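The values are calculated or read from the model by the stated rules, or taken from the named source; none is laboratory data. For clarity, every value in this text was computed on a predicted model and none was experimentally measured. As a convention, Cβ positions derive from the backbone with ideal geometry for all residues, glycine included, and neighbour counts pool all protein chains shown. Just the protein is used for accessible areas: all its heavy atoms, side chains included, with ligands, DNA and RNA removed. Shrake-Rupley method; radii C 1.70, N 1.55, O 1.52, S 1.80 Å.
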Amino acid sequence: MSLEQVMALERELQTPVCRGDEVRVRELLAVDFVEIGASGRRWDLASTLALLREETPDQAVIEVEGLEGRELAPGVVQVFWESRRGGRRARRTSIWRERDGRWQQVYHQGTPLPG
């Protein structure tokens, strides 16, 4: 298990280049992916892909701050970070699972932070 590898994948997933590449997003998000967004809405893989198709490159700019992680179990890693996007901030956490030699995100949650 490489904590650094998972944190690098988390950073990659937040880049406009990755978010605009559906093939790559499908590689990084598990088929059973679930997100609870900062809005409180629940997303699955299909709804996340639909949202990303509509995202413009300037909307896709997400600053990642304070990224850290921990191993929860063999092949399961949780990462924590804060995002800045268009004047909004959120505290975020993701769970990544290793399966068949590759890491995929299975869960993500964002909690809004005050200004």
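Quick check for you: which residues of the stretch 34-78 have the amide N under 17 Å from the point 7 Å beyond the Cα of E98 toward its beta carbon? Label zone hits: 69-78. With all distinct Cα pairs included, what does the Kirkwood hydrodynamic radius of the chain come out to in Å, to one decimal, could you say? When all Cα pairs of the chain are included, the Kirkwood radius is 14.2 Å. Other residues within the sphere of radius under 15 Å centred on the Cβ of L113, judged by their own Cβ, net out at +3 (K and R +1, D and E -1). Can you pull the percent of the chain's accessible area that's carbon plus sulfur, 1.4 Å probe, other chains left in place? The nonpolar share, carbon plus sulfur, comes to 51 percent.
Do any trypsin sites (Lys or Arg not before Pro) in the stretch 11-57 lie in a DSSP loop with no more than 14 other beta carbon atoms within 10 Å, and if so, which?
Working: sites: R11, R19, R24, R26, R41, R42, R53; in loops: R41.
Passing sites in the stretch 11-57 are R41.
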